[in-house]
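Below: the structure, in structure tokens.
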Amino acid sequence: MLMDVMSVPSIFSNALFLTITIAFAGYVITILGARMLARHRDKLELVNKRLNEFYGPLYVASEAGNIAYRSLLKRQGKSVSEPILDSELKDWILWMNTIFMPLNDIREKIIIEKAYLIIEEQMPQCLLDFVTHVVGYKAVMAKWGEGDFTERRSTIGWPPEFDIYVKKSYNALKAEQTRLLHSATWRGWQRIFGKGRNTGAQSA
């Protein structure tokens with residue numbers, strides 16, 4: 001009976017230690033979970049930003065340009081635009097002014113103003129080549145405005161890698177977005193630690 005009474009402080013001490021240990025472990029798990037959630041959220045927000053402000057608009061404009069280009073070629077019964085015949089010049093100038101150049105301007109503006117969103121550490125050469133191609137067309141179209149139609153295409157050729165790069169990057173980001181949104185770990189941590197928090201809008 002005396003030993004039972006003497007063991008009471010030891011039991012309380014062990015219980016207190018266990019309580020403190022459990023509380024500390026819970027605190028550590030909460031902190032680690034919150035950090036993991038924050039890192040995941042930051043990744044998702046960056047992917048969304050790249051899709052919404054850079055690669056998404058580039059992809060849409062490029063697809064629209066390609067569809068319009070193929071439509072013009074079909075109308076003219078050609079497989080390639082060159083050479084641009086005198087009989088085709090009026091249509092070519094119209095489509096350049098109303099469709100192709102506006103789409104080029106949109107893409108040029110995105111590349112110049114949103115360059116910080118590119119995936120790579122260095123600016124891809126095909127993006128630089130595209131901007132240079134557009135600048136070349138501006139010089140040609142300035143001559144058109146003066147009535148000089150001796151040049152009908154940009155003196156700097158179209159970079160064939162551009163469309164490939166844009167489509168590949170867009171698809172890769174969409175896949176990464178889907179993976180981040182539907183990760184089982186993400187959903188679990190989100191339920192526990194992310195209630196009421198906005199994780200950023202998903203791009204279309």
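Only a single criterion out of (1) part of a helix (DSSP H, G or I); (2) out of contact with any Leu (no Cβ under 7 Å at 6 or more places or on another chain); (3) surrounded by 16 or more Cβ atoms within 10 Å (Cβ to Cβ) is not satisfied by Leu128, namely (3).
Within the range 174-183, not a single residue is in a loop (DSSP other than H, G, I, E, B), modelled with pLDDT under 95, closer than 30 Å to Ser87 by Cβ and not basic (Lys, Arg). Per the listing Leu18, Leu51, the residue uniquely part of a helix (DSSP H, G or I) and at pLDDT 65 or above is Leu51. Check the range 60-74 and report whether any residue there is closer than 19 Å to Asn171 by Cβ, touching a residue at least 12 places away in the same chain (Cβ under 8 Å) and among the hydroxyl-bearing types (Ser, Thr, Tyr). Within the range 60-74, one or more residues are closer than 19 Å to Asn171 by Cβ, touching a residue at least 12 places away in the same chain (Cβ under 8 Å) and among the hydroxyl-bearing types (Ser, Thr, Tyr).
The values are calculated or read from the model by the stated rules, or taken from the named source; none is laboratory data. No experiment lies behind these values; they were computed from the predicted model shown. Quick reminder, even Gly has a Cβ in these numbers, built from the backbone with ideal geometry, and neighbours come from all protein chains shown.
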